[in-house]
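The values are calculated or read from the model by the stated rules, or taken from the named source; none is laboratory data. Every value quoted in this text rests on a predicted model; they were computed, and no experiment measured them. Positions of Cβ are backbone-derived with ideal geometry, glycine not excepted, and every protein chain shown enters the neighbour counts.
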């Protein structure tokens, strides 16, 4: 809810060349607001900006990309000009993420209401278990990317990140243990999350790693 969501890269780069954390077609929680090229004062998008701070802003040929913040959290907004529109309006794609798109608009358009809080939590925020698992995967990635001469072994990752203070006995016991297999799976999932799996998270999905078997067993 209070994560970064800023602009660490040029907005015009394609999703295949750079992260996609704020693109509306990749992240349904990004709200698209279309306005007339020169709308009447009453129809300008000031209502969604009032009482919110603009943390970051980038404009390009696709529109005005905003990161907004208030006491309830952060919001992603794309404002696009459409000369033929008489009034401002939200653009909602009729795809498989309609529920999330509508929840994002409801959250941006007004303060949280009791009857919308459940949908807000379900669509826009990870569950407690998902947060715990994501933190674990990020810790694994941090350990794999540590500035060392050699990659850490699976056993090192297990004892330092996944199973702190565990020893696992002799080498043979470790090689045949369920902890080693679980560590392999988590390393695989962490790598997939970094490469492409984060896009599933942006859409409210969590899936198993798609890394190949060779990559799963790439650590000793």
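On inspection, residue 101 passes the criterion of being under 14 Å from residue 31 (Cα atoms), under 16 Å from the mean Cα position of the chain (by Cα) and either modelled with pLDDT under 85 or not in a strand (DSSP E or B) (or both).
The residues of region 164-216 that are at pLDDT 75 or above, over 23 Å from the mean Cα position of the chain (by Cα) and part of a helix (DSSP H, G or I), listed by number, are 171, 172, 173, 174, 175, 178, 179, 180, 181, 182, 183, 184. Residue 92 satisfies every condition listed in (1) over 16 Å from residue 26 (Cα atoms); (2) modelled with pLDDT of 85 or more except (1). Screening residue 197 on (1) out of contact with any helix residue (DSSP H, G or I) (no Cβ under 7 Å at 6 or more places or on another chain); (2) in contact (Cβ under 8 Å) with a residue 24 or more places away in the chain; (3) within 23 Å of residue 23 (Cβ to Cβ) shows it passes everything except condition (2).
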